[in-house]
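The values are calculated or read from the model by the stated rules, or taken from the named source; none is laboratory data. Since the model is a prediction, treat every value here as computed from it, not as a measurement. In this analysis, Cβ positions are derived from the backbone assuming ideal geometry, glycine residues included, and neighbour counts consider all displayed protein chains. Calculation scope for accessible area: heavy atoms of the full protein, side chains included, ligands and nucleic acids excluded. Shrake-Rupley method; radii C 1.70, N 1.55, O 1.52, S 1.80 Å.
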Amino acid sequence: MRKKNFNSIKIKRATIILATLFFLIFLSLMVKNWFKHPLDKGQPHIIESTSTETEKRFTETLNETEIEDIEIESGGTGKPVETPLQIEEFMNIYELLTVIEPGTRDSESVSIKDLKESFGEPTEFSKNVQENTINYIWERPIKGEKNSVLNVRFSDGQAVTKSVIGLDSRGTTIINKDTYNGVSTESDFTFSRAKRLLKQPDGITEFIEDGDLMQIVSWISRKGNEEGANITVVFKNGVAIHKSSSGLE
């Protein structure tokens with residue numbers, strides 16, 4: 001039986017937006033080095049902005065959701081993961097990390113104990129005391145990927161968002177208009193099919209909204225004529241519903 005832990009849709013919306021915008025801050029930190037453009041979770045599209053603009057948007061969202069002057073507790077090792085995993089092993093574990101919709105108790109999410117067993121103590125964590133939310137961050141959890149970052153957000157003791165960036169420092173060389181046009185949002189174009197077409201994505205964020213699994217996935221080109229170009233696809237329950245690109249010639 002579903003039980004709402006928040007008394008208003010406004011608080012629920014704020015929690016979801018903040019969870020994804022936290023991931024955006026990670027993406028913005030990689031703009032200068034990896035030509036990445038951050039995602040705006042509020043609407044499923046790419047926003048071509050600088051790190052400063054992303055931080056401004058984050059601040060504006062905080063103001064809109066009326067959660068200024070929040071009390072934050074923080075900690076962590078301050079160091080990268082001691083025993084990073086091979087990409088295949090990391091992805092196998094990542095795909096099994098269960099997240100639930102904020103404010104629900106109809107299922108169990110992955111626990112912080114499970115995460116620590118897989119990745120060790122987090123590089124850092126920050127707790128919002130008023131909302132009882134905690135963001136855990138592991139830097140360099142993937143062997144050989146120095147820009148990889150895993151972020152798992154907990155709300156009221158349950159994992160509600162998981163994000164990873166920097167999955168493939170080599171990037172892809174197959175991003176172009178043809179591959180972009182090959183991604184359909186008007187048919188059953190699945191996440192599995194997208195991975196076959198575009199290969200390993202660079203960033204993934206996942207959460208549950210209104211009972212639906214939402215995935216925002218990005219691919220980036222770091223070689224060839226399309227260097228710096230990216231493709232982002234939004235999936236709902238594994239099927240593409242929106243796509244966007246930047247830098248395609």
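Give the shape of segment 106-239 as rounded, prolate or oblate, defined through the alpha-carbon gyration tensor: a ≥ b ≥ c are the square roots of its eigenvalues, a/c under 1.5 means rounded, and otherwise the shape is prolate if a/b is larger than b/c and oblate if not.
Numbers: a/c = 2.68, a/b = 1.50, b/c = 1.79.
In terms of gyration-tensor shape, oblate.
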Once phi for every residue in segment 93-103 is put through the Karplus expression 6.51 cos²θ - 1.76 cosθ + 1.60 (θ = phi - 60°), the whole-Hz ³J(HN,Hα) values, with Gly and Pro written as x, are 6, 4, 5, 8, 6, 7, 10, 10, 6, x, x
By the mean-Cβ-within-10 Å protection proxy, highest first, 232-240, 124-132 rank as 232-240, 124-132
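With every protein chain kept in place and ligands, DNA and RNA left out, what is the accessible area per residue of segment 70-160? Probe 1.4 Å, answer in Å². Kindly include the intermediate steps, with their values, before the conclusion.
Numbers: 4560 Å² over 91 residues.
Per-residue value: 50 Å².
Just how large is the dipole of segment 74-229 about the Cα centre, in debye to the nearest 20, putting +1 at every Lys and Arg Cβ and -1 at every Asp and Glu Cβ? All intermediate terms of the calculation are to be shown ahead of the outcome.
Details: 18 positive and 26 negative charges, 136 e Å.
For this selection, approximately 660 debye.
For segment 107-249, which whole percent of the accessible surface, found with a 1.4 angstrom probe, sits on carbon and sulfur atoms?
Values: 2560 of 6040 Å².
Of all accessible area on segment 107-249, carbon and sulfur atoms account for 42 percent.
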Flagged as over-length at 25 Å C-alpha distance, from Lys79/Lys195; Lys195/Lys243; Lys162/Lys195; Lys79/Lys162, the pairs are Lys79/Lys195
